[in-house]
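The values are calculated or read from the model by the stated rules, or taken from the named source; none is laboratory data. Because the structure is predicted, anything quoted here is derived from the model rather than measured. FYI the Cβ positions are ideal-geometry reconstructions off the backbone, even for glycines, and counts take in every protein chain you see.
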Amino acid sequence: MLASLIFVLSIPAEQRKKPISVLCTDTRVEIPAIAEMIEGTLDRMRKCSEQNNLNIDANHVAPTFRSARAGLKAGVTAEESFWVNIIGRGYPPPNRTFRWCTQRMKIDPVNALVKQRVGHWGEAILHLGSRRAESSTRAQTMAARETRNGLRRHPDLPRVWVSNPIEFLSTEEVWAYLLQNPNPRGNRPRTDTPWRAPTPAPRTVRAPSRRSSCTRCVRVVVRGELAMTIQLKPEQEHRIAEALRSGAYQSPDDVIERALEVLHERDEWLMANRQTVDAKIRTGIEELNRGEGIPEDKLDEHLDRLK
């Protein structure tokens, strides 16, 4: 939505004195379909800017290289990618209490490019698409930030100001804008933006979360298409970790796959034995109504005999 606003609300040509850069971070863990879509979208953004003289460039950034800061020997560098940190450094998969991926794979690459551009521009305003409705934690963090005329100083980059134009929009309002608002460039539906062909509305809804997650969240794929994203609760993450420590599973995917198999087997058994189960339940209810049930003070003794 933020990129769409930048393009369709561009100021008149004679006032376009300052360059605008659209930044997209490639975390290198996206599925191929998403990676190809991003590349194609950025390319169409560049062409749209060139054709309409918008003075907007689209940039594809990726995790950076570090040396001494990463605790390595002088002259040795290592890429701050997901798999370098997981396999090479032994980091655990990102979770709610240790989300190490955001800084290394998203924020640092953007900061590196902004720092480079500021050297030429003198100063810059960084527009971010963060919204309070994404989570309660995000809402508290954004509410605590001090702003001045809608801007706040970047915590790490001098001469850079940060703006959050869609801070107070809900998820529903974002999609309403993208899908319903007429496009100023030709009165086309918003799904046909200046830089891409028409795309269908999203077919899945994640609830109760209002925040889009990266691919390291658990995702269920049906018939080769991304069907849903599942945000695990801490207790569920703990159960998966225990299963992995047992040595019976090689990855979280194996644990979830086995859990789904067990669920499927249980459902199949219930369907095949529904009449038998229903009959036993009816028999038990009838026995209770006739007073033939087991007294409460003898229930534990009866259960012990059944073991």
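Quick rundown of the values:
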read-out: Counted residues, region 136-151 - those being within 23 Å of Ala124 (Cβ to Cβ) and of a type in the set (Lys, Arg); value: 2
read-out: Criterion violated by Ala197 - all others in (1) at pLDDT 50 or above; (2) loosely packed, with under 12 Cβ neighbours inside 10 Å; (3) assigned to a loop (DSSP other than H, G, I, E, B) satisfied; value: (1)
read-out: Count of residues meeting criterion [surrounded by 11 or more Cβ atoms within 10 Å (Cβ to Cβ), more than 15 Å from the chain's Cα centre (by Cα) and in a helix (DSSP H, G or I)] in region 86-114; value: 10
read-out: Any hit, region 119-139, residues being of a type in the set (Lys, Arg), part of a loop (DSSP other than H, G, I, E, B) and modelled with pLDDT of 85 or more; value: yes
read-out: Among (1) surrounded by 12 or more Cβ atoms within 10 Å (Cβ to Cβ); (2) modelled with pLDDT under 80, the one test that Ile11 misses; value: (1)
